[in-house]
Structure formats: structure tokens, C-alpha cells
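The values are calculated or read from the model by the stated rules, or taken from the named source; none is laboratory data. All values derive from a computational prediction rather than experimental measurement. Quick reminder, even Gly has a Cβ in these numbers, built from the backbone with ideal geometry, and neighbours come from all protein chains shown.
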Amino acid sequence: MPKEDVPDSRGYFGVYGGSFVAETLVSALEDLKNEYQRARADKQFMAEFHHELKHYVGRPSPVFHAQRWSARLGGAQIYLKREDLNHTGAHKINSAMGQALLARRMGKKKVIAETGAGQHGVATATVAARFGMECVIYMGADDIARQSPNVFRMKLLGATVKAVTSGSRTLKDALNEAMRDWVTNVNSTFYILGTAAGPHPYPMLVRDFQAVIGEECLWQMPELAGRQPDAVIACVGGGSNAIGIFHPYLAHPSVRLIGVEAGGKGLGTGQHAAPLASGASAGVLHGFRSYLMQNADGQVIETHSVSAGLDYPGVGPEHAWLKDSRRAEYVAINDDEALQAFHDLCRFEGIIPALESSHALAQAAKMAPQMDKDAILLVNLSGRGDKDINTVAQLAGITLS
Amino acid sequence: MSRIQQTFSRLKAQQRVALIPYVTAGDPDPQLTVPIMHALVSAGADVIELGVPFSDPMADGPAIQRASERALLHGVNLKLVLALVAEFRTINTTTPVVLMGYLNPVAHMGYQVFAEQAKNAGVDGVLLVDNPPEEHIAKVFKPYGLDSIFLVSPTTTEARMQLIASQASGFIYYVSLKGVTGSSSLNLDEVEQRIPLIRAASKDLPVGVGFGIRDAQTASAIGKFADAVVIGSRIVEEIERSSREAVLDNVQSWVAEVRKALDAQI
């Protein structure tokens, strides 16, 4: 895992991050931080993590040169990091596995998680089944409606899925409810957080577990393309897949890092989930300080995205820090642009991408034609799109039975 | 001496336990908040905890979540909450008011701006659930005479207790259970053992106990060893289930009953 300068001992990435939680959770987070530090230094723990990644998750995930799509776009060569080929179909399993191993190490018998699109819920239910733990997943009632295949997958894996009907009934409310469960059952329960956000140490440990994505790219790109890419592109909701592929590239200053947020119906409409690209101000939600979509009163506002996994008003603190330091750039892709990229990848490469990942693909499609044919874009294809076929069909006016 | 200190020393001299009811500002609507506050005082409240509604009340159970949502539907914001306190102060200048809520609306207004306006409105103390002592906001509030109320929980370590005590003023709020507001399980023995330790660490700041107190009997049992009893969700439920016409009477008579039980043990 990469050696990092951030966060500091209190979990700060510059002025972002920290730990803003009710007193009852403070000692649990302290225990987690200490145990994680020990685990990270424990060769046996890390060996087991990598063993599970190799033999259970199926890593390393390949990098694929999307030649037909690149030719069609007529510019830069697009390479895809195939996180969609992981067990359970997305990058979420990397961190869920790491956290489940930590939970077991800490003697916790029950794990809980929040989920938006359901990918993190499925990953958590999967590792819970793998290690024989009780599992409860909190999911917004609206997300349950739009991601029904993943709800059934979680149930098949033995998890209890609890519908969250408070607030906007999406990811942020699922996170609130998971936190409430944790505060109530703090001694027996491990909270497997789905993204590189939340109170310290979560943004750090999720990043570290996800950094395997970028670490593999560091040796795969020279092998396949002869060199590192000119830019790495990844979608950003909370930002775990993006930080996972970005972080190992921080040491390569010539590689541009581009995070793609959900532009929803367009930044101008206010109906989006792009706190970084829209220039939102900083705020505190879910235990950390970062850029946050909020109104003039400091109330968190409802977000919109065609993809449930990006439908989140905040963003991981390390991304806020990378934006301010200008090491990474953040842009937004609208629903319709993401859908176009979704269809293009299906038709030109035979890959059905997740709607979340389609935002990163759409950004590559925007950039590639402006670039030379020997330029290289590396896109993190963070998940597969089987879960999204109902949404895509509905948008096309087709009813699947 | 702050209004909160005055209140606790008066009660100590009378050997009485402070009763601290919580209501969410703007619930069921902003017009009723000040009348409800006066009704609480008539029923025997010594300090009022006034909730500042927030879109994401992570530490609250369903009752206060719903109260928050009702208030937000009426467009209640921090500015209006301060205006309501100022309105309350035109009649009542003695009962301390503590604002309880989450960090973001206060941070968004700006700590200094908030502190100044809160002071001018007649606020006495501030409890921000998700604001840990590590952030040292208490020192911003102190010059304005605002007490910083902190939560201590069953999981708070000894060392951390010292850190909290070094910043806390007014009183310390002991969260009597692991969970969100309004939960039902409460361990009386644990509370009894813990309170002397908190008093010792905090140089005898009064200790209030809350989260999970739902009836006069429990309040009375807690009152045997705590300096104050905080009741929130149960009162918020009373507001929720009352008609607009009956809400003042219902809240007043429920709180008066608790007051009676607390005073009966002197």
C-alpha cells in the first residue's frame, strides 16, 4: 500500500476530513483506528487480504484497450481498468473484503453497511456470507425501487435489507440510519463503510484498501501500452473507486487525474450531485468536513443523478483536498451524456458498464477526439451495468417483465 | 455567573433536581414554539433545550427526526430559531435556553456570527451533537458568555472525560444509553456509578442525564443521583399526537407530572 502523508493523526486532509460524530462513537472509531494501524503493519493480515483479493475477488483485474471505441472517437487511445470483472461486479468488494477481515480481527459478529446503487450492499453481504457474519444493509426506499435486482442478491446472500424512509430516501439517509444502528450496537457491530468518506479513519482505510486498483495499473499500463497514461479518469460519488486509482498515481505528477461527478440534469438546473464541479461550499455531514451541497441555511439539499451510486451530496475529504491543491481536476457529466457512453460501450466493445462508471467513460469520450492518436486515457470501469438495465430500459420507454 | 449557573445553584440550595425538556424549534409550526416554551416553564421546566432542525439528524431517533422534518417544511432555519428565542426573552428573562443541534447550520452561519447573534437573542448554552472537543469551538463561544454543553457517553474514556471537562461549562449532558434519542433501554445502575466520576472530573459541574427517559417514574429514579433530567423524544411525541388546540395543555400537563414526581422525592 502507498505511503501517504495525509491524513494527519486526526484524520485531516488539509482542512477536510476530521471526525465529527456523537460522543458514543468516538471510542469505537479510536479502536478501529488503532486496530487498523496494527493490521496494516501485520504481514500476516496483509498477506491474507491479498490472498482473498487474488483467489476470491479475482484480482488482478485486467486492463483492456478499447480499440474499436477509441478508433470511432478518432483520438486518444482509451484503456479500461476492468473493476467490473471483480467478484460481485464492482470495485466495492476490495474495501468490503479489507473491512470484513478487520471486523473478524476485532471479534465482531455483525456487520452493517449503507448502500446506494446496491453494489456496496452486495459486496458487504458477500463478505459477510464468506466469513459467517450477520449482515444488515440500510438502503433508501427510493433506491430499493430502482435497484431491485441488487436487493434480491443481498437477500440471497443472507443479508437483511432495511428500507430507509426518512429524508430523501436515498444514499445519504441510508448512511444516517446505518450510523444510528452503529451508535446503538457499537460493541458488537462493525460498520463497513462503502466509500472513502465518513469520520476518520474511514476515508484513509477505504482508500488504502481500494488503492490496489491504481497499484495494479502502475505495472499493467507499461506492460500493455508501453507507458503510464496521460490521464486517469474515474467517476466520483463519495469517491472510493476514484481515490483507489488516483492515489498510487499521486507520485506521478505528469499523469492528470480527472474525477467525474454526476451532472444530473445539468449543473445549471441545480439537479445534480456534483459538489466539487459546481463549486459548492464546505460543510460537515456524516462525520467529516468536505465540499457539500447545501442551501443558504446549511441544510443538506437533495441531489439528482440517473445513477444511484453517485447520488450523494458530499464527497470524500481527500478529493476536496486534491481539488484545492489542483492535483486532480473535477468535472461533471450529465445523465444523458452518461447514457450515451453506456450505450456506446455496449455496442462497440461488448461491455455493459455501470451507469456510475459511464460518467467516467463519457468524460473520456469528450476528451479523446481532442487528443492525438498516441495519447492514452485510462478509465476506471468501476462496475458492470447489469444492475442498471431496468433503469436504462425505463428511460427508453421499454418495460422489462 | 451565567443564567445556567444561577439556575443550578438555586436548585442546589433548594435540593431540587433540574428538569430540562427538549422541543424542536418550529415543531409543529413556528407560531407555536414560543407558547410551548412558556408552557414548559409553567409546568416546571428549569432549563429549555431548543432543537435546531437539521436535514440529517444522525444522532436522533424517529420522533425527533420527524419533528425536524416538520420544522424544515415550515422553512425553519437557525436565524428564525434565534428570533424565536428573542421573542421568548421578551417575557421570560430567567429560564436558560440551550440550543441543541448539529454542527453544519452553525458552521455555515459562521461561529463568530452565530455566537454574537445567539448572545443577543438571549441564548445561554449550545450543544452541538457532532462537534467533538478536539475542534475547540467552545473557546469561540466563551467570550460571548455562551456555555458549551458536551455529551459524555457510557463509552467515554477517562482521558477523554478530562478533555471534555476542560471545555465544558454550564452542565454536562450524560447520554444514558448507547443509541439515538428516544430509545427505550436505560441502565440505571450504570448511570448511578458513572455520575460521581463525571462530577469529579469536571470540578463539580452539574450533570444532566438524558436519552431514553420516557416517564415520570424513570425521571424520578434518575433524579436521585443526577443534577438534571433531560426529556426530549417523549415530549416531542406528545406534540406530534396533539391537535393544534390541545398541544399546549397536553405538553404542560405531561411535563407537570414529571415535575411532581421529581419534587416528591425531596
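When the residues of the range A:1-48 are filtered to those that are among the acidic types (Asp, Glu) and within 14 Å of another protein chain (Cβ to nearest Cβ), which remaining residue is surrounded by the fewest Cβ atoms within 10 Å (Cβ to Cβ)? Don't jump to the end; show me each part of the working.
Restricting attention to the range A:1-48, the residues satisfying the condition of being among the acidic types (Asp, Glu) are A:4-5, A:8, A:23, A:30-31, A:35, A:42, A:48.
Next, only the ones that are within 14 Å of another protein chain (Cβ to nearest Cβ) stay: A:8, A:23, A:30-31.
Working: A:Asp8: 12, A:Glu23: 24, A:Glu30: 16, A:Asp31: 14.
Going through the qualifying residues, I end up with A:Asp8.
Could you name every one of the helices (runs of 4 or more DSSP H) located completely within the range A:85-193 that has at least 1 residues being within 14 Å of chain B (Cβ to nearest Cβ)?
Working: elements: A:92-105, A:119-131, A:141-146, A:148-156, A:171-184.
Result: A:171-184.
Within the range B:23-53, can you find the residues that are out of contact with any Lys or Arg (no Cβ under 9 Å at 6 or more places or on another chain), crowded, with 23+ Cβ neighbours inside 10 Å and among the hydroxyl-bearing types (Ser, Thr, Tyr)?
Within the range B:23-53, just B:Thr33 meets the criteria.
I need the full set of residues from the range B:122-146 which are under 21 Å from B:Gln6 (Cα atoms) and in contact with a strand residue (DSSP E or B) (Cβ under 8 Å, 6 or more places away or on another chain), in order please.
Within the range B:122-146, B:Gly122, B:Val123, B:Asp124, B:Gly125, B:Val126, B:Leu127, B:Ala138, B:Phe141, B:Lys142, B:Leu146 meet the criteria.
Return a yes/no flag: does the range A:304-322 have any residue that is in a loop (DSSP other than H, G, I, E, B), surrounded by 23 or more Cβ atoms within 10 Å (Cβ to Cβ), in the same structural domain as A:Gly237 (by TED's automatic domain parsing) and of a type in the set (Asp, Glu).
Scanning the range A:304-322, I find at least one residue that is in a loop (DSSP other than H, G, I, E, B), surrounded by 23 or more Cβ atoms within 10 Å (Cβ to Cβ), in the same structural domain as A:Gly237 (by TED's automatic domain parsing) and of a type in the set (Asp, Glu), so the answer is yes.
Could you check the range A:116-132 and list, in sequence order, the residues that are at pLDDT 95 or above and either crowded, with 24+ Cβ neighbours inside 10 Å or closer than 11 Å to A:Asp143 by Cβ (or both)?
A:His120, A:Gly121, A:Val122, A:Ala123, A:Thr124, A:Ala125, A:Thr126, A:Val127, A:Ala128
For the range B:189-206, what are the residues that are in contact (Cβ under 8 Å) with a residue 40 or more places away in the chain and in contact with a Lys or Arg (Cβ under 9 Å, 6 or more places away or on another chain)?
Listed by number, the residues that qualify are B:Leu205, B:Pro206.
May I ask you to list pairs of residues, at least six apart or on different chains, whose Cβ atoms are under 7 Å apart, with the first in the range B:31-56 being of a type in the set (A, V, I, L, M, F, W, C) and the second being surrounded by fewer than 23 Cβ atoms within 10 Å (Cβ to Cβ) and in a loop (DSSP other than H, G, I, E, B)?
The qualifying pairs are B:Val41/B:Asn92; B:Val41/B:Thr95; B:Ala45/B:Thr95; B:Val47/B:Thr95; B:Ile48/B:Thr95; B:Phe54/A:Gln299.
May I ask you to say which residue of B:Val175, B:Val255 is touching a residue at least 40 places away in the same chain (Cβ under 8 Å) and β-branched (Val, Ile, Thr)? Break it down into steps so the answer makes sense when it comes.
On the way: B:Val175 fails: touching a residue at least 40 places away in the same chain (Cβ under 8 Å).
Just a single option satisfies the conditions, and that option is B:Val255.
Among the residues of the range B:115-134, which ones are more than 10 Å from every other protein chain (Cβ to nearest Cβ) and touching a helix residue (DSSP H, G or I) at 6+ places or on another chain (Cβ under 7 Å)?
Of all residues in the range B:115-134, those more than 10 Å from every other protein chain (Cβ to nearest Cβ) come to B:115-127.
Within the range B:115-134, B:Ala115, B:Glu116, B:Gln117, B:Ala118, B:Lys119, B:Ala121, B:Gly122, B:Val123, B:Asp124, B:Gly125, B:Val126 qualify.
Restricted to the range B:1-32, and to residues that are in a strand (DSSP E or B) and of a type outside the set (Phe, Trp, Tyr), which residue is nearest to B:Asn77 (Cα to Cα)? It would help to see each step written out before you state the result.
At the first step, the residues of the range B:1-32 found to be in a strand (DSSP E or B) are B:18-24.
Restricting the remaining residues to those that are of a type outside the set (Phe, Trp, Tyr) gives B:18-21, B:23-24.
Working: B:Ala18: 28, B:Leu19: 26, B:Ile20: 23, B:Pro21: 21, B:Val23: 15, B:Thr24: 12 Å.
Checking each candidate, the answer is B:Thr24.
Mind counting the residues in the range A:273-317 that are within 12 Å of another protein chain (Cβ to nearest Cβ) and among the acidic types (Asp, Glu)?
Residues meeting the conditions: 2.
When the residues of the range B:47-60 are narrowed to those that are under 15 Å from B:Phe88 (Cβ atoms) and either assigned to a helix (DSSP H, G or I) or touching a Leu at 6+ places or on another chain (Cβ under 7 Å) (or both), which ends up farthest from the other protein chains (Cβ to nearest Cβ)? If you could, list the steps in order and put the result at the bottom.
Just the residues of the range B:47-60 that are under 15 Å from B:Phe88 (Cβ atoms), to begin with: B:47-52.
Imposing the further condition that a residue be either assigned to a helix (DSSP H, G or I) or touching a Leu at 6+ places or on another chain (Cβ under 7 Å) (or both) reduces the set to B:48, B:50, B:52.
On the way: B:Ile48: 21, B:Leu50: 16, B:Val52: 10 Å.
Top of the filtered list is B:Ile48.
Identify the residue in the range B:147-162 that is farther than 25 Å from B:Met1 by Cβ and in a helix (DSSP H, G or I) and, among all such residues, is nearest to the other protein chains (Cβ to nearest Cβ).
Going through the qualifying residues, I end up with B:Arg160.
Which one is surrounded by the fewest Cβ atoms within 10 Å (Cβ to Cβ), of the residues in the range B:83-105 that are within 12 Å of chain A (Cβ to nearest Cβ), touching a residue at least 40 places away in the same chain (Cβ under 8 Å) and not in a strand (DSSP E or B)?
B:Pro105
Check off (1) under 13 Å from the mean Cα position of the chain (by Cα); (2) under 17 Å from A:Glu23 (Cα atoms) for B:Gly170 and give me the number that stays unchecked.
With respect to (1) under 13 Å from the mean Cα position of the chain (by Cα); (2) under 17 Å from A:Glu23 (Cα atoms), B:Gly170 is out only on (2).
Of the residues A:Ala66, A:Ala28, A:Ala76, A:Ala41, which single one is in the same structural domain as A:Asn185 (by TED's automatic domain parsing) and either in contact (Cβ under 8 Å) with a residue 40 or more places away in the chain or of a type in the set (Ser, Thr, Tyr) (or both)?
Numbers: A:Ala66 fails: in the same structural domain as A:Asn185 (by TED's automatic domain parsing); A:Ala76 fails: in the same structural domain as A:Asn185 (by TED's automatic domain parsing); A:Ala41 fails: either in contact (Cβ under 8 Å) with a residue 40 or more places away in the chain or of a type in the set (Ser, Thr, Tyr) (or both).
Testing whether each residue is in the same structural domain as A:Asn185 (by TED's automatic domain parsing) and either in contact (Cβ under 8 Å) with a residue 40 or more places away in the chain or of a type in the set (Ser, Thr, Tyr) (or both) leaves just A:Ala28.
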